[in-house]
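One structure is given here, and the rest of the page talks about it.
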Amino acid sequence: MFKTKLRNVLLFIAMLIASALLAQYLSGRQLSYKGLVGSANELYVDLVTYIYHDDTVKNAQTNEVVVKPISLQILKQHHRPQIDTTRCVDVSLGEVKYTQQGDIYSWTDSEGIAHFSDKKPSLNATPYNTGFVDTLDYFELTLSTPNLPASFKQALRVKLNAVFKVYGQIIGVDSLRKVKLDLRVLATQTDYENAVRRRGGDPTNTQGIYFNSSNTAFINYNNEQSAMRTAVHEAVHAINKAVLGSTPRWLDEGLAEYFEHTNNTMQTVSVEPSTTWLKNHTLSTSILTLNELLNQQDNWQRGESTKLYASSWAGVYFLMDSKQGKDFLKSIMLEQQKSPCVQLTPLQLQSALAAHFPDLNNDYMQWLKTPFRAHHF
């Protein structure tokens, strides 16, 4: 019997390794020891989670369905968008492919009306080179949205394209990476909580949770507007992970909060001030200074989450409000991209901040006193 059990264990391990190799191959990731361990761990967690939640029995006295206790500990994955450095792998889908559009032809008809077309007309026309760069494949989006209109997915795609457009303006299109996004919108609070718990997460006081290991986000549906903002928020976490790597929490959450309020008009992207953190155009809660915020990396799980989220949003909004702020973001985002498995330290961030804002505290305090304005890209 011992030999039979040993054979079963060895067979299980062999199947787990083979499945992990297949998962890496099908996802387009480079085969590596760390990637293999990460894939095997994810498959193991999903299997144990499935066993834990489906191996149920009935209590003979109460007739209630209860879960059989097992000795295996399930890996808990809370809302931590940072990469787990024990399995740091490239989760992007490679470089973004882009092309420049051809000439646009313009002409004036007999009634003096100007016309523009990407097809050359039979009559004489003047070629007009727009120089516009058309991006083809920023991301692969899998969106599960029960009971939501098809227009929701299209509207979300437009907003996420806008996020990439802004990132491209800050760090350059050549530095972007294609991202795989798997977003699942749950119709009820119960469905949302059950889905998150099946993954080993804690849905308490959350509207959305992003899981690093599977690059998947679960979103609780309250109404269409709220679901859209949460979907954008969680998608930005996935974008940051694939494009930048293991970003400091304030930057990751600040960018996610910032892009929740993205709007698109023709070729223009606008980001409105957050209605979550503002009342009558002024902050509705106290916030930390930027230097204080940079030192809070270890306090997110035990600190004042409201203040941390508000401070992160305000900090990113301040940086996006000026050229020197965008230059600072460019410098730290590209620096983070060089070492995606190791977060930039508070000392590195403060040094870069001082180089771009010699009088930071005064600049920030004065800026907070002025009305918040929309940003246009």
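Please go through region 186-213 and give me each residue that is more than 20 Å from residue 252 (Cβ to Cβ) and among the hydrophobic types (A, V, I, L, M, F, W, C), ordered by number.
186, 187, 195
Assess whether residue 306 counts as being of a type in the set (Ser, Thr, Tyr), without any contact (Cβ under 8 Å) to a residue 40 or more places away in the chain, more than 20 Å from residue 366 (Cβ to Cβ) and exposed (fewer than 14 other Cβ atoms within 10 Å of the Cβ).
Values: of a type in the set (Ser, Thr, Tyr): yes; without any contact (Cβ under 8 Å) to a residue 40 or more places away in the chain: yes; more than 20 Å from residue 366 (Cβ to Cβ): yes; exposed (fewer than 14 other Cβ atoms within 10 Å of the Cβ): yes.
Answer is yes for this residue.
Just checking, which of 178, 153, 165 is farther than 22 Å from residue 214 by Cα and either modelled with pLDDT of 90 or more or in the same structural domain as residue 326 (by TED's automatic domain parsing) (or both)? Reasoning before the result, please.
Values: 178 fails: farther than 22 Å from residue 214 by Cα; 153 fails: farther than 22 Å from residue 214 by Cα.
Unique residue meeting the criteria: 165.
Looking at the structure I just gave you, is residue 194 free of Cβ contacts under 8 Å to residues at least 60 places away in the same chain, farther than 17 Å from residue 142 by Cα, among the polar types (S, T, N, Q) and not in a loop (DSSP other than H, G, I, E, B)?
Values: free of Cβ contacts under 8 Å to residues at least 60 places away in the same chain: yes; farther than 17 Å from residue 142 by Cα: yes; among the polar types (S, T, N, Q): yes; not in a loop (DSSP other than H, G, I, E, B): yes.
The answer is yes for residue 194.
Quick one: would you say residue 275 is within 23 Å of residue 224 (Cβ to Cβ), over 19 Å from the mean Cα position of the chain (by Cα) and not hydrophobic (A, V, I, L, M, F, W, C)? Break it down into steps so the answer makes sense when it comes.
Values: within 23 Å of residue 224 (Cβ to Cβ): yes; over 19 Å from the mean Cα position of the chain (by Cα): yes; not hydrophobic (A, V, I, L, M, F, W, C): yes.
Yes; evaluated as a whole, the condition is true for this residue.
Whether any residue in region 321-340 is assigned to a loop (DSSP other than H, G, I, E, B), within 19 Å of the chain's Cα centre (by Cα) and surrounded by 13 or more Cβ atoms within 10 Å (Cβ to Cβ) is what I want to check.
Restricting attention to region 321-340, the residues satisfying the condition of being assigned to a loop (DSSP other than H, G, I, E, B) are 321-322, 339-340.
Still in the running and within 19 Å of the chain's Cα centre (by Cα): 339-340.
Then drop every residue that is not surrounded by 13 or more Cβ atoms within 10 Å (Cβ to Cβ), which leaves 340.
Checked against the condition, which is being assigned to a loop (DSSP other than H, G, I, E, B), within 19 Å of the chain's Cα centre (by Cα) and surrounded by 13 or more Cβ atoms within 10 Å (Cβ to Cβ), region 321-340 yields at least one hit.
Quick check on my filter: what residues within region 214-226 are in contact with a helix residue (DSSP H, G or I) (Cβ under 7 Å, 6 or more places away or on another chain), in a strand (DSSP E or B) and not aromatic (Phe, Trp, Tyr)?
To start, the set of residues in region 214-226 that are in contact with a helix residue (DSSP H, G or I) (Cβ under 7 Å, 6 or more places away or on another chain) comprises 214-215, 217-221, 224.
Checking the rest, the ones that are also in a strand (DSSP E or B) come to 217-220.
If the condition is that a residue be in contact with a helix residue (DSSP H, G or I) (Cβ under 7 Å, 6 or more places away or on another chain), in a strand (DSSP E or B) and not aromatic (Phe, Trp, Tyr), then 217, 219, 220 are the ones that fit.
Hey, any hits in region 197-213 for a residue that's touching a Leu at 6+ places or on another chain (Cβ under 7 Å) and outside any helix (DSSP H, G or I)? Spell out how you get there, then give the answer.
Taking region 197-213 and keeping what is touching a Leu at 6+ places or on another chain (Cβ under 7 Å), we get 200.
Keeping just the survivors that are outside any helix (DSSP H, G or I) gives 200.
Checked against the condition, which is being touching a Leu at 6+ places or on another chain (Cβ under 7 Å) and outside any helix (DSSP H, G or I), region 197-213 yields at least one hit.
Pull out all pairs, ordered by first then second residue, where Cβ-Cβ is under 9 Å, the residues are six or more apart or on different chains, the first lies in region 268-296 and is within 13 Å of residue 371 (Cα to Cα), and the second is loosely packed, with under 12 Cβ neighbours inside 10 Å and of a type in the set (A, V, I, L, M, F, W, C).
272/374; 273/374
The values are calculated or read from the model by the stated rules, or taken from the named source; none is laboratory data. Remember, predicted model here, so these are calculated numbers, not experimental data. Glycine also receives a Cβ, built like all others from the backbone with ideal geometry; neighbour counts cover every protein chain displayed.
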